[in-house]
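The values are calculated or read from the model by the stated rules, or taken from the named source; none is laboratory data. Remember, it's a predicted structure, so these values are computed and weren't measured experimentally. Cβ atoms come from the backbone with ideal geometry, glycine included; neighbour counts cover every protein chain shown. The accessibility values were calculated without ligands, DNA or RNA, using every heavy atom of the protein model including side chains. Shrake-Rupley method; radii C 1.70, N 1.55, O 1.52, S 1.80 Å.
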Amino acid sequence: RSLSRDTVLMIRPARAYQTSLMELFGNRSPVAEPLWRRVKLDPSKPVAPQAEAVRAALNVPPPGSPDWGPPDADEALKIWRKAIEAAGIFVFKDSFKQRDLSGFCLEHPELPVVMINNSTTKTRQIFSLLHELTHILMGRRAISTFDDGTLENLPPAEQQIERFCNRIAAEILVPSRDFSAAVAGLPQDIEALPLDRFAALAVRYRVSREVVLRRFRDANRVSQAFYEERKREWDGQRSAQSGSRGNYYSTKGAYLSERLMAEVFARYGRRQIGVEEAADLMGVKPKQVEELENRFLRALAA
């Protein structure tokens, strides 16, 4: 009932993408051992070992590794997205008009889909991606929001699941063992720290300052009131930042699943499908297929 009409309509193309995947892959995962068959998550069990199992299965670089690339979240998002797609989950993005939503997922025994809100910062997209991944690994569809306050409106069982997904996502991104070592030299009064110390930790883990602060809150090193105050402040800073609209083809290429595009363009190149079918599978116009293919191939070669 809280969803806007725009959000409800956005679920339709996500379902259309999933239908395209069923058609392309014959209703079977293209991955020999999808992640959800290797890793099972259980809210009744400790979070840390389960999150460690997910991270190990995704085979991403350890925190602080130079393999993460530049000290910003853009490259980190690409690494997480590529690892999750390699594990059998198809990741799409779009710009949500309902800005408080972080994303949603559509479960499927073979071809699950995640849709992330591109209207938010890259660090929030990363957290949203891991949150939705947790839902997929639990075999559940979900629509997720940034606001912890909305959890209070959910039934108790749903609250438990959403909080579990948040904890798993935070633990995957900021492993507690590594985080404890990284903050061991900090004073006991975390709330008195200069705010740039939170920013430095956020850079290390390629997450938002809010995720770092959430880790301190969960360890009872900052109060809920302090967490909420800083969150409001940082949310206000993000809202004040204005983004420019990019090139259509660059945007569409970023929105579509890389694995979907790779399969479509491979079949199109072998002339197994025509331009009309290629366009239909990707949700674009036939006249746009050639330029999308050119940009996709150039990106692969880069």
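Quick notes on this structure:
- For the residue pairs LYS40/LYS82; LYS40/LYS93; LYS45/LYS97; LYS40/LYS97, the alpha carbons lie more than 29 Å apart in LYS45/LYS97; LYS40/LYS97.
- Net lengthening on full extension, SER95/ALA301 (0.36 nm per residue, minus Cα-Cα): 71.4 nm
- Burial ranking of peptide ranges 39-45, 52-58, 12-18 (average Cβ count within 10 Å, highest at the top): 52-58, 12-18, 39-45
- Probe 1.4 Å, protein heavy atoms only - accessible area per residue of the chain in square angstrom: 50
- Accessible carbon and sulfur surface of the chain relative to its total accessible area, %, 1.4 Å: 50
- The range 256-302: trypsin sites (Lys or Arg not before Pro) in DSSP loop, at most 11 other beta carbons within 10 Å: ARG270, ARG271
- To the nearest ten degrees, helix 156-173 and the longest principal axis of the Cα atoms of the chain are 90 degrees apart.
- 0 to 90° range, to nearest 10: angle between helix 195-205 axis and the chain longest Cα axis: 40
- Calculated Cα extents along the principal axes in Å (choose from [x] 64, 40, 40; [y] 60, 59, 32; [z] 56, 40, 38), label: [x]
- With eigenvalues of the C-alpha gyration tensor scaled by 5 and rooted, the range 73-232, Å: 27, 18, 15
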